Amino acid sequence: MAPSFSKIAIIGAGVSGIAAAKQLAHHEPIVFEASDSIGGVWSHCSYGSTRLQSARRDYEFSDFPWPDREDSGFPSHLEVLDYLTSYARHFDVLKRVRFNSKAVELRFIGGGEGEMASLGARPGEYGSLLSGRPVWEVAVQTNNSENIQLYAFEFVVVCIGKYGDVPIIPVFPEKKGPEIFEGQVLHTIDYCKLDKDAASDLLKDKKVAVIGYKKSAIDLALECAQANQGPEGKPCTMVVRTLHWTVPHYWVWGLPFFLFYSTRSSQFLHERPNQNFLKVLLCSLFSPLVKQAVSKFIESYLLYKLPLEKYGLKPDHPFVEDYASCQMAIMPENFFSEADKGKIEFKRSSKWWFWEKGIEFDDNSKIEADVVVLATGYDGKKKLKAIMPEPFRSLLEYPSGLMPLYRGTIHPLIPNMGFVGYVESVSNLHSSELRSIWLARLVDDKFKLPGVAKMLERTLKEVEVMKRTTRFYKRNCISTYSINHSDEICEEMGWTAWRKKTWLSEAFSPYGSQDYLN
């Protein structure tokens, strides 16, 4: 039986998937979602205490404001889910979603040898996104059944994201792994699946070690401390390998944080891809000193506000490197008060392994533990590679180690496929929405892409900028030049790049989704 044939498939119904589905709605896409609900990580990889890392108005769709957008508090994950669900219902996206339908494999059927030419492209061009005939087959497993159903599409948008599904598990020396540990070992992806009572039972009156120091680890350590109040409660130990700067809120010495990195004037100080000679010259002459001064100014406030030196948590690298790599996290208000009470402890170590009663470190010290939680992140590349066929699988990291996506969306060497949600910025929702708008206009032939060589050249320049800006460059993060990135997208779509009403606001007010409502 031949697979059913449609125009567009969207894989994943997280933030990026529903944004893409809304913008491509006139093509009646089919959205395959592996779980039983939309929302992605907000639905499946959140704790009870998980909150948005930014204000509501900084995390909203351009045509669907939060009902209480002026509320200065950080929304809980349930509030975010409610907002995303309201958006999907308002724009009738849910009717496009096939739940409990997991895409387990993508198969290229666009013509075998000479794929690009077979799709109507001249040598060196990308080709048409809607060719009028099937290019990709999507193998879908429904409700965990053994039967796999094939669907054929002209164009596929991959929105399965970088988080969830595939945990990163550390590699241990022989006979020093979890198998010798007498307690319980789990990853944060397992912890997310526990209900409130089960999570409390896991942590209460237990010696818990949390491996990691990013947002998920910080939230988990705080939940552990809150579950261990009282004289019987045991402290939670955070095992920290790499330190990153954390911020208590978005104000620095009484000034709004956006002034330092999220305005056009502030981003002018940072290196950007595809700058002309004059901008490169000005940036190289004045930028290093100003960037260093801004970074030191912010660091001085953080060291004043948070007891980082007291607990040995002051990073050695400048703040700007964490911001440029999207590593910055909001520190919960009562985190260090729990540390002051002895409910959260810290152990710095680059190497560790298990022993029968807990964890041993490379300095020969040991800690006892009943539960070890690995807040060690997720392997988004492995998740993507699991469904991509060769030779395209090998192209996902070639030649930079990062996915070389033009406009954060199109891989120049992979025909008839888009990727949404693989670029990080101050607001990942805004990044996904703007790129979905760009992709929809591209599908509708409202503008043309440059040649393949030109697209590769530009994406590799972006990677080089990331490498020069931060040592933590193994993420597609555009936070220090997000406005410039959006400018280029707007110009390519035929929009005006500068979106503000006055020169003053253009220079000194932050950019958000509302500025891109057309």
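Note on region 38-69: among residues that are small (Gly, Ala, Ser) and open to solvent by less than 30 Å² (accessible area, probe 1.4 Å), the one that is farthest from the chain's Cα centre (by Cα) is Ser62. Quick one: is Pro173 farther than 24 Å from Val426 by Cα and surrounded by fewer than 17 Cβ atoms within 10 Å (Cβ to Cβ)? Yes. Would it be correct to say that Ile180 is over 19 Å from Lys347 (Cα atoms) and in contact with a helix residue (DSSP H, G or I) (Cβ under 9 Å, 6 or more places away or on another chain)? Criteria not met by Ile180. If we scan region 478-489, do we find a residue that is open to solvent by 50 Å² or more (accessible area, probe 1.4 Å) and in contact (Cβ under 8 Å) with a residue 40 or more places away in the chain? Within region 478-489, none of the residues are open to solvent by 50 Å² or more (accessible area, probe 1.4 Å) and in contact (Cβ under 8 Å) with a residue 40 or more places away in the chain.
Per this entry, Leu84 is counted among residues that are closer than 30 Å to Tyr250 by Cα and at pLDDT 95 or above. Residues that are more than 19 Å from Leu269 (Cβ to Cβ) and open to solvent by 70 Å² or more (accessible area, probe 1.4 Å) within region 493-513 comprise Thr496, Lys501, Thr502, listed in sequence order.
Filtered by the rule that a residue be within 17 Å of Trp253 (Cβ to Cβ), open to solvent by 20 Å² or more (accessible area, probe 1.4 Å) and of a type in the set (D, E, K, R), region 290-308 gives Lys296, Lys305. Of all residues in region 209-231, those satisfying the criterion of being more than 20 Å from Thr242 (Cα to Cα) and either under 22 Å from the mean Cα position of the chain (by Cα) or assigned to a helix (DSSP H, G or I) (or both) are Glu223, Cys224, Ala225, Gln226, Ala227.
Scanning region 370-383 for residues that are touching a Gly at 6+ places or on another chain (Cβ under 7 Å), farther than 15 Å from Pro170 by Cβ and open to solvent by less than 30 Å² (accessible area, probe 1.4 Å) returns Val371, Gly380.
One residue alone among Ser200, Ser216 is assigned by the TED database to the domain that holds Ala339, touching a Gly at 6+ places or on another chain (Cβ under 9 Å), open to solvent by 40 Å² or more (accessible area, probe 1.4 Å) and touching a residue at least 24 places away in the same chain (Cβ under 8 Å), and that residue is Ser216.
Taken over region 345-362, the criterion of being open to solvent by less than 50 Å² (accessible area, probe 1.4 Å), within 28 Å of the chain's Cα centre (by Cα) and of a type in the set (Gly, Ala, Ser) is satisfied by Ser349 alone. The residues of region 309-344 that are of a type in the set (Asp, Glu) and buried (at least 16 other Cβ atoms within 10 Å of the Cβ), listed by number, are Glu321, Asp322, Glu338. Checked against (1) modelled with pLDDT under 95; (2) within 24 Å of Pro178 (Cβ to Cβ); (3) of a type in the set (Gly, Ala, Ser); (4) in contact with a strand residue (DSSP E or B) (Cβ under 9 Å, 6 or more places away or on another chain), Gly380 passes all but condition (4).
The values are calculated or read from the model by the stated rules, or taken from the named source; none is laboratory data. Because the structure is predicted, anything quoted here is derived from the model rather than measured. Ideal geometry is used to build each Cβ from the backbone, glycine not excepted, and the neighbour counts take in all protein chains shown. Surface areas here come from the heavy atoms of the whole protein model, side chains and all, with no ligands, DNA or RNA. Shrake-Rupley method; radii C 1.70, N 1.55, O 1.52, S 1.80 Å.
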